[in-house]
Amino acid sequence: MISLVRYLAADVFRGQRFLAPLLVFLGVLGMLFSSDAGQPLEAYSGSAALLYPVTAWMAVVVATSEDVVRREITVVSAGGWSRVLTAAALVAVSIALVMALVAAVWPVVTNPHPYTAGQFFVGLGAHTVCALLGVGVGLMFARPVFDSIGRTVLAVFSVVVLTYPLGRATPLGWVLDALGHNQVSLSVLWAGVVGVALVAAAVVVGVRRT
């Protein structure tokens with residue numbers, strides 16, 4: 001499995017399609033914290049909201065890095081779709097976790113309001129949850145669930161766009177609401193459970209779809 005994860009990660013970085021979501025992430029993050037973004041946890045709400053769609057995009061990049069023929073060869077060589085999809089999920093989650101760490105550290109360096117260690121770790125946890133939710137959404141509609149990249153993009157875009165107006169009716173809303181009110185809430189932990197379950201469910205759905 002480790003070799004498969006390394007192979008898929010190398011293929012993603014070799015293809016360079018990851019640069020688009022990464023540059024969008026860094027560019028918007030820079031704009032969000034170019035001036036006073038507010039109180040520590042409140043400031044984190046903007047970067048957490050950003051992380052959700054960007055990690056969904058990144059998950060689609062990971063899931064579709066190989067063309068159809070190469071992916072079939074990888075599946076045969078790896079011993080089945082379950083191993084390939086699990087490895088792809090691990091790659092997507094690993095990238096998302098790095099992005100969550102960057103998003104949590106960025107305002108500590110640039111925001112004029114001081115951050116305590118507790119506030120930083122709460123922010124890191126919230127960003128991790130949003131990243132997992134994004135990865136879950138991205139993988140849920142990527143290959144092999146949808147073979148067409150157009151259908152994948154449309155489905156992921158629709159889910160992401162519809163999530164925000166639903167507010168606290170969604171796990172993402174639980175996280176953003178807690179951060180926006182500058183408070184710690186157990187709902188963030190429950191949202192994390194949903195995020196992990198969503199990633200696992202995306203792998204299961206993909207395997208059954210094959």
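The values are calculated or read from the model by the stated rules, or taken from the named source; none is laboratory data. None of these values were measured; they are calculated from a predicted model. Methodologically, a virtual Cβ is constructed for each residue, glycine included, from the backbone with ideal geometry; neighbour enumeration extends over all protein chains shown. Quick note on the areas: whole protein, heavy atoms, side chains included, nothing else; ligands and nucleic acids left out. Shrake-Rupley method; radii C 1.70, N 1.55, O 1.52, S 1.80 Å.
Mind ranking Met99, Met140 by accessible surface for me, highest first, 1.4 Å probe?
Numbers: Met99 10, Met140 35 Å².
These residues rank, largest area first, as Met140, Met99.
Kindly sort His127, His181 by accessible area of their heavy atoms, largest first, with the probe set to 1.4 Å. Mind showing how you got there, number by number?
Working: His127 0, His181 120 Å².
The ordering from most to least exposed comes out as His181, His127.
Might you tell me the accessible area per residue for the stretch 2-209, computed with a 1.4 Å probe and given in Å²?
Here the per-residue accessible area is 47 Å².
Keeping the other protein chains in place, figure out the carbon and sulfur percent of the accessible area of the stretch 32-148, with a 1.4 Å probe.
69 percent
Using a 1.4 Å probe and ignoring any ligands, DNA or RNA, find the accessible area of Val204 and quote it in Å² to the nearest 10.
Taking all protein chains as shown, Val204 has close to 70 Å².
How big is the accessible area of Ile95 in square angstrom, nearest 10, if you roll a 1.4 angstrom probe over the protein chains?
Its accessible surface works out to 30 Å², give or take rounding.
222 nm [θ] for the chain, helices only, -39500 (n - 2.57) per DSSP H run of 4+, per residue, to 500?
My calculation for the chain gives -27500 deg cm²/dmol from helical runs alone.
Just add up the charged neighbours of Thr210: K/R +1, D/E -1, any other residue whose Cβ is under 14 Å from the Cβ of Thr210.
Overall, the nearby charge balance is +3.
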